[in-house]
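Please treat every number below as a calculation from the coordinates, not as lab data. The shown structure was predicted, so the numbers you read here are calculated from the model rather than taken from an experiment. Methodologically, a virtual Cβ is constructed for each residue, glycine included, from the backbone with ideal geometry; neighbour enumeration extends over all protein chains shown.
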Amino acid sequence: MDGRYELERMEAEMTVEELLSQYYDAEYFETFCRKCRNYGRLWSCPPYDFEPGKYLKNYGSLRILCTKIRLSDEWREEIITPESMEEAMESIIAQVKSDTDRRLLDEEREQAGRRMLSSGGCRLCTRCAREAGMPCRQRGKMRYSLESLGCDVTRLVKDKLGIELLWAKDRLPEYLVLVNGMLIQHRSE
Ligand code: SF4
């Protein structure tokens, strides 16, 4: 963390049944993924050799974990070209994503029956092995994201946490949002 931004963390819980019935449409969201440079180039992103809905059904509930990155007004005034805005967002998101994922992977390891979902595409390697047709190099750490599994993240965070996702226009937005998840298996009792 530094003077350019402050973090606020929020979370909500829901059943996977509700997620699948209200916020899931893998076919529809894959049409957006196809336009992304990561499509077919990262193992964390579609197309998959499994059905995301079936993967999600292995779990009973989902914790949605939002990290709101509030950018300082002074800093937003300083960064004004599209290139510098892009660079600034990339660097902050990479830093916060890496810290958040590490913390949640620790939580996942400590509690049985959990699976963390990352925010956005995997950034663990400089170049993903998928580009060379090789298997993932860090399967133990790589995690999918809610959006890559076909969930409507924009509507989820609005409905469950009242957060509106913002985008950069002629200035950096007031805040950026990273959305992680923690899938939790059905309890056996
Ligand atoms: S860990 Fe490396 S090889 Fe695996 S998905 Fe991430 S970038 Fe690709």
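General observations
- Segment 1-93 - Rg (one decimal) and Dmax (whole number), Cα, Å: 17.7, 47
- Cα gyration tensor shape for segment 128-189, rounded if a/c is under 1.5, else prolate or oblate: oblate
- Within segment 101-140: Cβ-based charge dipole about Cα centre, in debye rounded to nearest 20 (Lys, Arg +1; Asp, Glu -1): 160
- Largest first, the three principal axis extents of the alpha carbons in segment 74-168 are 44, 37, 25 Å in whole numbers.
- Computed magnitude of the charge dipole of the chain (debye, nearest 20; Cβ of K, R +1, Cβ of D, E -1): 820
- Sorted by Cβ density within 10 Å, fewest first, the residues TRP167, TRP75, TRP43: TRP167, TRP75, TRP43
- Beta bridge orientation in the chain: antiparallel %, DSSP, nearest 5: 95
- Cα point-scatterer Debye curve for the chain, base-10 log of I(q)/I(0) at q = 0.09, 0.13, 0.14 Å⁻¹: -0.34, -0.72, -0.84
- In the distance distribution for segment 43-109, Cα-Cα pairs more than 19 Å apart total 58 percent.
- Between the residues VAL153, ALA129, ILE184, the greatest Cα displacement towards the positive end of the dipole of segment 125-186, with unit charges on the Cβ of Lys, Arg, Asp and Glu, is found for ALA129.
- Cross-link partners of LYS97 among lysines (Cα-Cα below 25 Å; sequence separation of 8 or more within a chain): LYS35, LYS68, LYS141, LYS158, LYS160, LYS169
- Burial ordering of LYS141, LYS97, fewest other beta-carbon atoms within 10 Å first: LYS141, LYS97
- Using only side-chain charges placed at the Cβ, +1 for Lys and Arg and -1 for Asp and Glu, the dipole size of segment 78-148 relative to its Cα centre rounds to 660 debye.
- Ordered by the number of other Cβ atoms lying within 10 Å of each residue's own Cβ, fewest first, ARG76, ARG171 fall into the sequence ARG171, ARG76.
- Square roots of five times the Cα gyration tensor eigenvalues for segment 108-150, Å: 21, 13, 9
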